[in-house]
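The values are calculated or read from the model by the stated rules, or taken from the named source; none is laboratory data. The structure displayed is predicted, hence computed values, not measured ones. When we count neighbours, we look across all protein chains shown, and the Cβ atoms used for this are built from the backbone with ideal geometry, even at glycine.
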Amino acid sequence: MRASQKDLENAVNQMKLLKKDPGNEVKLKLYALYKQATEGPCNMPKPGIYDLIRKAKWEAWNTLGNLPKETARQNYVDLVSSLCSSSESSSQGKPGADREQLRYETLVVTSEDGITKIMLNRPSKKNAVNLQMYQEIVLALKAASQDDSTITVLTGNGDYYSSGNDLTNFTNTSPGEIQEKAKNSLILVREFVGCFIDFPKPLIAVVNGPAVGIAVTLLGLFDIVYASDRATFHTPFSRLGLHPEGCSSYTFPKIMGPTKATEMLIFGKKLTAEEACAQGLVTEVFPDRTFQKEVWTRLKAYAKLPSNVLRISKQVIRNREKEKLHSVNVEENSVLQGTVLSDEAVNAVMNFLSKRAKL
Amino acid sequence: MRASQKDLENAVNQMKLLKKDPGNEVKLKLYALYKQATEGPCNMPKPGIYDLIRKAKWEAWNTLGNLPKETARQNYVDLVSSLCSSSESSSQGKPGADREQLRYETLVVTSEDGITKIMLNRPSKKNAVNLQMYQEIVLALKAASQDDSTITVLTGNGDYYSSGNDLTNFTNTSPGEIQEKAKNSLILVREFVGCFIDFPKPLIAVVNGPAVGIAVTLLGLFDIVYASDRATFHTPFSRLGLHPEGCSSYTFPKIMGPTKATEMLIFGKKLTAEEACAQGLVTEVFPDRTFQKEVWTRLKAYAKLPSNVLRISKQVIRNREKEKLHSVNVEENSVLQGTVLSDEAVNAVMNFLSKRAKL
Amino acid sequence: MRASQKDLENAVNQMKLLKKDPGNEVKLKLYALYKQATEGPCNMPKPGIYDLIRKAKWEAWNTLGNLPKETARQNYVDLVSSLCSSSESSSQGKPGADREQLRYETLVVTSEDGITKIMLNRPSKKNAVNLQMYQEIVLALKAASQDDSTITVLTGNGDYYSSGNDLTNFTNTSPGEIQEKAKNSLILVREFVGCFIDFPKPLIAVVNGPAVGIAVTLLGLFDIVYASDRATFHTPFSRLGLHPEGCSSYTFPKIMGPTKATEMLIFGKKLTAEEACAQGLVTEVFPDRTFQKEVWTRLKAYAKLPSNVLRISKQVIRNREKEKLHSVNVEENSVLQGTVLSDEAVNAVMNFLSKRAKL
């Protein structure tokens, strides 16, 4: 029997429960099989010789050559299965910084003082969310929901919080592939949004700079949103032929009323941090100069509150909406599936990319 | 078989699809039959001799004498039917300003730069909405929903946006007739509100001055509301023995929270434009001096966004609420039907009118 | 057949409908039986000799000695029954200030100018809500819903609006009793919140000073909330091991959006009156110096509006939410029942009380 996509996901989750650290060699092998199973043959430029971790990962992946995706998937599942059975009687293992650094390419995930911090880490790309980052955020949220931290924070490294969906996901794609690639991306985005809906602990956005697109729309699913006064909030969907996602078509009118939500979501009005705060999308704005200090001081104090009480209170507030939010997510996603491949949308994205290329 | 009210409405809609302009004579005939079918014998004071268009209309209507409503309705339907069949092979016709001016007595409707603008045009009456205007707005919205404009704007001519329901609708009515007249008015208001709920494109209010009553309550159904700083928002229902309509009993608490909505809707607190903006009823306030210029510049830019994308995004945001809004509309309307004929309500309206008459 | 708790409640309600004042002696007897039936043997410290009313009540209650609760309940029901049958043909009686003063120990209830004012009257305890006050507010709201006033106001006597649930309710309780006492308290709180959900007339909070806990969360069920600029709004649930109640887990996110509601309800952020107003929890803020004068002037004007119209309009706005609010109330209450007896919650309350005792 061939391993299905679902088996692969289960294996990924099993790995996170593994009590004994399997060692770097095995982890590199798992990394390579996962990449091969989900993206095919190694498409990563060879890293420089001093970039040791990336180089080790590149070599592990590149070694797999043209191994078919299905075979890689099966091998991944088998390897995890053997690790699990061999570790069942053991229980040491320490999930340390080293393991985290290895697992995530686009994030830095740390955990201290009762706070798990997920930092988007593509600063040179304004933390644009590529397919890899979507997947890694899903994994990081699933891990954070089970770790012993009290609150979970999402923030960005560098000047931007996040410039949203990385449209260059589609630049090197041939017209023949684009339809399937776009469809798969949308399925991934739907799963990604679902993780925010289901997240069981207080989830806090520390918006260190400009936020665009899905980095904005998702904010309606956070429990607290702190913003630097340098942050802006922009959802230029219509001129790209796109529609609101991240449940924003539901959460934004509830938060700010339909007349403010529509100018933002449909007509692409960009909000300052102060405006976003006045409209309830942002909880509080801080001067950029003292932003990090003030926010983390407060969060550390909040993280000392009883963890279980916070979790239950969040669920009392949020669970009532969960079913509705999941159906909104599915609906928004299927509207996008219906239109994202239209000529208007493809042309709008192509125009956007070619304009950017000229800058 | 006799033509029903529904047949009449269908015929009105068919007229709007007519490709060939039938000429002024036929249009006057249609106008007269429509008035006779819906209002009975000509009740319009004879216009002055220099008011050529109104005079032509008056004469056409007056000519019908005591023709029964049912017969007028049947004749209207038959005439449209003959026009449609005779024009099926033709396709010239240009629906120009002239036709619009003839069709609407209380509105000026224009369409350019991707924007259909519906302007309430009873400035000497502060754009109070009389029965004619209710009907004409319904027609204008139905036409705008099918034309090729990108966005639709409602605004007022003169100092007021609109002073709301024209209570003088009832001044010349004998006590015996008032019950049926009020009931018919309420049915019309329900249909009128339903058109706003169903409107499929971005709908924008340009609130050029004070707004009262139903002109305020309806704002919760618009997608953007721009206001001059001279605008005020006032719903003095309770002292007239009336209750909130226009779905405001549902939309206002959602937009501004119940404690602010109640003081406004029940206790008649009048809001300034700034207050209405802070509470989310208004999207943005502009200085009156530059209001028209700033608003239309922005709207023209918005109207250049892809029409189909805007329409779908509006529907993603709004459709989820449609069924609920229609049921609220029916409920509000039936509460009004139950109370509007109470002694309190009739006395309150009579008091209001007699006070106004003294001013 | 033994009288049930429900029979007792019915008898209490019957008493309020009694047309003939039964006289002070009978009322003292009823008072004593009610206290014995609900709280058991007299636990009130003997009042000083000049505190005539309290002393009369103490004596009446103390006289019952160790009469079992069930017997007291039965006697109460029988006594009311005999009063009702003997007064059926009579109809004088005047429910005056004297009767009110006797009935309420923790409130001052007055009615004039179309306004029934329920004033929390434990100023030395910052108007903390003890079990007695919960019960009396329920009775006062039920009476106000049936009297001929137009609007009903809740306010506090002294510096505080209310410091919330009186945690000293539990100080003199043995560990063996605490479970049942807490459970009964929660049932009472649920009934208490239900009265606010169902209240049929405009209900207005005049927040004269700081509000804490349930005094804050309930505000989402009021129709207007006026606040002195000295008022603050604080819900420190988590550090006491508690969760949001008063339907706030539903009303607060609707009013202010989830990101502001969560920082307040879960993380205990204290709001100023201005902040609470900007977020829609408070309708308007007044300078403390002129607070009482401005608010009562406005309320007296509002109370002149037609009573029946206001009542129906409130119901048009609120009834749509009633079923939902009742289910939220039940849900919040059952979450509290599940956690309020946890070690965390008991320890947190004990810590809080011991810290306060040291001040």
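General remarks:
- Note on segment B:249-278: residues that are in contact with a Phe, Trp or Tyr (Cβ under 9 Å, 6 or more places away or on another chain) and within 11 Å of chain C (Cβ to nearest Cβ) total 12.
- Selection from segment A:308-332 of residues that are within 15 Å of residue A:248 (Cα to Cα) and within 10 Å of chain C (Cβ to nearest Cβ): A:321
- Among the conditions (1) closer than 28 Å to residue A:203 by Cα; (2) modelled with pLDDT under 95, residue C:219 misses just one, which is (2).
- Put simply, of C:325, C:281 the only residue that is part of a loop (DSSP other than H, G, I, E, B) and at pLDDT 95 or above is C:281.
- Residues of segment C:212-230 that turn out to be over 28 Å from residue B:238 (Cβ atoms) and either of a type in the set (A, V, I, L, M, F, W, C) or not in a loop (DSSP other than H, G, I, E, B) (or both), as a count: 5
- The condition of being of a type outside the set (D, E, K, R) and in a loop (DSSP other than H, G, I, E, B) holds for only one of B:267, B:233, that being B:267.
- For residue A:5, the conditions (1) of a type outside the set (Asp, Glu); (2) surrounded by 14 or more Cβ atoms within 10 Å (Cβ to Cβ); (3) modelled with pLDDT of 80 or more are fulfilled apart from (2).
- Check on residue B:251, among the hydroxyl-bearing types (Ser, Thr, Tyr) and within 18 Å of residue C:309 (Cβ to Cβ): no
- Any hit, segment A:246-261, residues being in contact (Cβ under 8 Å) with a residue 24 or more places away in the chain and in contact with a strand residue (DSSP E or B) (Cβ under 7 Å, 6 or more places away or on another chain): no
- Unique match (being surrounded by fewer than 22 Cβ atoms within 10 Å (Cβ to Cβ), touching a strand residue (DSSP E or B) at 6+ places or on another chain (Cβ under 7 Å) and in contact (Cβ under 8 Å) with a residue 40 or more places away in the chain) among A:294, A:274: A:274
- Residues located in segment B:238-248, provided they are more than 7 Å from every other protein chain (Cβ to nearest Cβ) and either more than 22 Å from residue B:161 (Cα to Cα) or assigned to a loop (DSSP other than H, G, I, E, B) (or both): B:242, B:245, B:246, B:247
- Residue in segment C:183-197 that is within 14 Å of another protein chain (Cβ to nearest Cβ), in contact (Cβ under 8 Å) with a residue 40 or more places away in the chain and surrounded by fewer than 23 Cβ atoms within 10 Å (Cβ to Cβ) present: yes
- Tally of residues being within 14 Å of chain B (Cβ to nearest Cβ) and of a type in the set (D, E, K, R) across segment C:217-237: 1
- Any hit, segment B:340-350, residues being under 29 Å from residue B:114 (Cα atoms) and either within 14 Å of chain C (Cβ to nearest Cβ) or crowded, with 16+ Cβ neighbours inside 10 Å (or both): no
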